[in-house]
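Each remark here refers to the structure printed beneath this line.
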Amino acid sequence: MTPLTPIEIGLTAAIVTVESEEPAILVAGDAVPGEARAGLPSGPFDPLTHRTFEIGLLAWVEAQTRLALGYAEQLYTFGDRGRHARPDDTGAHVVSIGYLALTRMPEDVAALRAAGAGFEPWYRFFPWEDWRKERPQILDRIVLPLLAEWAARVDKAEAGRPLGRRECVRSCFGAGSGPWDEEKVLDRYELLYEAGLVEEARRDGRNAALARTRMPALGEPMRFDHRRILATAIARLRAKLKYRPVVFELMAREFTLTDLQRTVEAISGRRLHKQNFRRLVETAALVEATGETSTATGGRPAALFRFRRDVLQERPATGLRLGARSS
């Protein structure tokens, strides 16, 4: 009987904050010899030390970043062969359990730096996802031409697939007249990985990437499967904006409606019409005025608001139902 491959359970945290209108992800220091890429806080689950996965996750986050994390939501279990191991690796196969957590920027940033950790803008890793100013130039200059070239080559093994390559590109990237769906962050990354266009595909020994003489610069790669975990976290958070008031976990106790709009835009990667956004917030009854104003912007005093917690008891779906956008 062939001996079974040993399995190790890893715990990985995608910890998100928004600072100065930029969404950021917490990355841990270089804990892998010879590996300079950014990585998410992570570590193995030890059933003798950790009573639950969550306890193990919180312990690893605090040990690697000095951040005492509160609630973390389980994202997904990542166990694809080849994503954690190098082609010649004979060690245990790692199954990663990914988590999503939201936090405000810690006051003691120096403690993070001392631990070799820090928050980095997440659009560094996914530059095609930021539509706040304009359609990202990287799409038309690099991404879509390379995907069109890849889609034109059809392998015999793909003949029975429900969606062909061109249809996948159209669905994920809104190519042609299709709309851009901001929630398809993971689908887009997975398609780029399949096409061999991201560095992780070359590192994992994927044929499509190894056949390329030069890899395109499509965002900064991450350790192991951490960019895939981050893509899953961004997609989950963008979706939850629409049915849960998660954005308020990233807001100060009191805020202006402009602050709220900029935070929603930062996460969703899209610019929102000011009056439409305010009508949306008013209709959803998510906030209430404090009676105070802020002059932080240097202009006219802006009314301050706070999250109206009663909304959680009034109805189950309490998010901001952002409409679809076109390409």
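Quick note: the coordinates plus some simple rules give every number you see, no bench work behind them. As the structure is a prediction and not an experimental result, all values here were calculated from the model.
Have a look at 166, 315, 66 and tell me which one the Gaussian network model of the chain (Cα, springs below 10 Å) gives the largest fluctuation.
Largest GNM mean-square fluctuation: 315.
Can you tell me which of 273, 50, 226 moves the most in a GNM of the chain? Springs connect C-alpha atoms under 10 Å apart.
Checking each option, the largest mean-square fluctuation is seen for 273.
What whole number of Å gives the distance from the Cα centroid of region 263-308 to the Cα centroid of region 177-230?
A separation of 35 Å, based on Cα centres.
May I ask you to derive the relative contact order of the chain, considering only C-alpha pairs under 8 Å and at least 6 residues apart, and to give it as an integer percent?
With pairs under 8 Å counted, the relative contact order is 19 percent.
In degrees from 0 to 90, rounded to the nearest 10, what is the angle of the helix 274-284 Cα long axis to the longest principal axis of the chain?
Approximately 80 degrees, to the nearest 10.
What angle, in degrees between 0 and 90 and rounded to the nearest 10, separates the Cα long axis of helix 257-268 from the longest principal axis of the Cα atoms of the chain?
Value to nearest ten degrees: 10.
Specify which labelled value, from [x] 19.4; [y] 20.3; [z] 21.6, agrees with Kirkwood radius over Cα pairs in Å derived from the coordinates of the model shown.
Matching entry in [x] 19.4; [y] 20.3; [z] 21.6: [z].
Under a 10 Å cutoff between Cα atoms, tell me which one of 220, 149, 54 has the largest fluctuation in the Gaussian network model of the chain.
149
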